[in-house]
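Read through the structure below, which is laid out as structure tokens, and then see the notes.
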């Protein structure tokens, strides 16, 4: 059987930050639950007890504890789960915003306000 998983000793700063997250409760659910897991483990609770406390799978609790032991408080944030690649580069996005916030007359257009269709047509031509 594998050794029980325990969180490493918390620094004072880490302990204060975790307590702050748990006390406020207004942070994201992911951060709150992970902070609870780490504090419960630091308090000497075993993985099955922690899993019941936060209503999570035991493997999830183990993963959070291992990640905390490796990278510290950075483990509290949600991990990027992938997703569709962005269609616009940051430069393209800046161009769209700049164009949309500029009066059409300044860009040589015969109207005074952008509509979505007019803006899209202008951006395609540019």
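Every number in this text was worked out from the coordinates using simple rules, so none of it is lab data. If you're wondering where the values come from, they're calculated on a predicted model, not measured in any experiment. With ideal geometry, Cβ positions are generated from the backbone for all residues, glycine too; neighbour counts draw on all protein chains shown.
What FRET efficiency would be calculated for the residue pair residue 111, residue 20, taking the C-beta separation as r and a Förster radius of 41 Å, to the nearest 0.05?
Numbers: r = 52 Å, r/R0 = 1.28.
Between residue 111 and residue 20 the formula returns 0.20.
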Q. If we restrict to alpha carbons, what Rg and Dmax does the stretch 55-100 come to, in Å?
A. 18.3, 51
Q: Treat the count of other C-beta atoms within 10 Å as a stand-in for reagent exposure and order 80, 114 from fewest to most.
A: 80, 114
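Which ordering of 3, 93 is given by a fewest-first count of other beta-carbon atoms within 10 Å?
Values: 3 5, 93 12.
So the ranking, lowest neighbour count to highest, is 3, 93.
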Q: Please work out, to two decimal places, the log10 of the ratio I(q)/I(0) at q = 0.22, 0.25, 0.27, 0.29 Å⁻¹ from a Debye calculation in which every Cα of the stretch 12-76 carries one identical scatterer.
A: -0.87, -1.13, -1.30, -1.44
Q: Return the whole-Å distance between the Cα centroid of the stretch 64-102 and the Cα centroid of the stretch 108-126.
A: 30 Å
Q: Over all alpha-carbon pairs in the chain, figure out the percentage whose distance exceeds 16 Å.
A: 70 percent
